[in-house]
Amino acid sequence: MASTDINSSSSAVTPTPVSRKSRWSLAGMTALVTGGTRGIGRAVVEELAELGAAVYTCSRNEEELKQRLEEWKVRGFDVGGCVCDASSVAHREELFRRVSSCFGGKLNILINNVGTNIRKGTAEYTAEEYSKIMTTNLESSYHACQLAYPLLKASGSGSLVFISSVAGLVHVGSGSIYGASKGAINQLTKNLACEWAKDNIRTNCVAPWYIRTSLVEHLLENKTFLDHVVSRTPLRRPGESEEVSSLVAYLCMPAASYITGQIISVDGGFTVNSFDGVV
Ligand SMILES: NC(=O)c1ccc[n+]([C@@H]2O[C@H](COP(=O)([O-])OP(=O)(O)OC[C@H]3O[C@@H](n4cnc5c(N)ncnc54)[C@H](OP(=O)(O)O)[C@@H]3O)[C@@H](O)[C@H]2O)c1
């Protein structure tokens, strides 16, 4: 009797070995980064473009977008973009029409970066505030994944990265709706990693702690608040956007080809820091 081939039922294809140079490069890849004109999104656009990807991005402020696109052109980066409110269904559909046409119906990388917050106690939120945070943070990312799926699949090698938050892992006092929206993204990362692995689409999530951007600069300008953040952070400082974008870029590279379904904190050690017993 012939012995059973344990690999015979597997449809997975083992990647062919490639050189170190191409494993640590994004050359020839295409990417969409939502919300790329400031903060973490901007750093991600620049990181991916510098590593060789052709990038498309979007934001709501047309003037700022034009300015960034000019700056990137001068720096020799291949970046296109359009005005889009990621919280609008119609805008998202138009964004993906443009991305599909720009990249010939294929996309290697989707970075779901857009996010917003309103800080309040749970009892004080209005229904409109709940809807704004959930729509911007969760629904927009979810729908973007649906719209991106055929393009990621067509590329033959897709990578999805969510920008979540440590607020989706632990309570950080930034508001329960924001925490719930980011917690849902963390779970969605695991669902899509398993569901779309068959299409060679990897899904990962980066969860930052305080990063110096326009979203939180008003908080970090408050010395008492900043001291509190620093006191709970083993590396004793907030992070910079480039410290997030480097991980995002790595997760998109062939070098990360066996990494999927992971939520990785970029937090100076915040989430592993419980009680410091040193007196
Ligand atoms: N900074 C932090 O400490 C921190 C910590 C944890 C997680 N995060 C997460 O990281 C992500 C990026 O945050 P950030 O701090 O870099 O924010 P940011 O400095 O406010 O930058 C946000 C970027 O997204 C764009 N954007 C915002 N809302 C948009 C919308 N509805 N449609 C299209 N573009 C939109 C903004 O441009 P326009 O305003 O012109 O649209 C801008 O380019 C968010 O998901 C956030 O929750 C941040």
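Close amide H pairs (under 5 Å, H built 1.01 Å from N) link Gly80 with Val55, Tyr56, Thr57, residues at least 5 positions away or on another chain.
Per-residue ellipticity at 222 nm from helix content only, as computed over the chain with -39500 (n - 2.57) for each DSSP H run of at least four residues, stands at -12000 deg cm²/dmol. What is the sum of charges around Val172, taking Lys and Arg as +1, Asp and Glu as -1, for the other residues whose C-beta is under 12 Å from the C-beta of Val172? Its environment carries a net charge of +2.
For the chain, the list of Cys residues with no other Cys C-beta under 4.7 Å reads Cys82, Cys102, Cys145, Cys194, Cys205, Cys252. Within the accessible surface of the chain, defined with a 1.4 Å probe on protein heavy atoms only, the carbon and sulfur portion equals 54 percent. Neighbours of Gly156, meaning other residues whose beta-carbon lies under 10 angstrom from its beta-carbon, give a summed charge of +1 when Lys and Arg score +1 and Asp and Glu score -1.
Of the two radii for the chain, the radius of gyration is 1.00 times the Kirkwood radius, both from the alpha carbons; that is the Rg over Rh value.
Summarising the strand pairing of the chain, around 0 percent of its internal DSSP beta bridges are antiparallel. As an equivalent ellipsoid, the range 75-186 spans semi-axes of 29, 15, 12 angstrom, where each value is the square root of five times an eigenvalue of the C-alpha gyration tensor, largest first. Taking the Cα centre of the chain as origin and assigning +1 to Lys and Arg Cβ atoms and -1 to Asp and Glu Cβ atoms, the resulting dipole is close to 460 debye.
The simple spin-label model puts a point 7 Å past each Cα toward its Cβ; for Cys194 and Ser131 those points are separated by 3.3 nm.
Taking the centroid of alpha carbons for each part, the range 251-279 and the range 73-111 are 29 Å apart. Compared with the dominant principal axis of the Cα atoms in the chain, helix 62-74 is inclined by about 60°. Amide H contacts of Gln262: Cys205, each under 5 Å away and 5 or more positions distant or on a separate chain (H built 1.01 Å from N in the peptide plane; Pro and chain starts excluded). Compared with the dominant Cα axis of the chain, that is its longest principal axis, helix 39-50 is turned about 30°. Taking Lys198 as the anchor, which lysines have their alpha carbon closer than 30 Å to its alpha carbon, excluding any fewer than eight residues away along the same chain? Here the lysines satisfying the reach criterion relative to Lys198 are Lys21, Lys106, Lys153, Lys182, Lys190. Taking amide hydrogens as placed 1.01 Å from N in the peptide plane, the amide H of Arg202 sits under 5 Å from those of Gly158, Ser159, Leu160, each at least 5 positions away in sequence or on another chain. Axis of helix 89-102 versus longest Cα principal axis of the chain: the two differ by about 40°, to the nearest ten degrees.
Ignoring the sites themselves, the chain has its longest run without chymotrypsin sites (Phe, Trp or Tyr not before Pro) in a DSSP loop having at most 10 other Cβ atoms within 10 Å at 1-257.
Counting charges near Val114 (Lys, Arg +1; Asp, Glu -1) among other residues having Cβ under 13 Å from its Cβ returns a value of +4.
Take the Cα of Leu235, go 7 Å toward its beta carbon, and the backbone nitrogen atoms of the range 256-270 under 12 Å from that spot belong to 265-270.
The values are calculated or read from the model by the stated rules, or taken from the named source; none is laboratory data. All of these numbers come straight from a predicted model, not from anything done at the bench. Note that each Cβ is placed from the backbone with ideal geometry, even for glycine, and that neighbours are counted across all protein chains shown. Heads up: the accessible areas ignore ligands, DNA and RNA and are worked out on the full protein's heavy atoms, side chains in. Shrake-Rupley method; radii C 1.70, N 1.55, O 1.52, S 1.80 Å.
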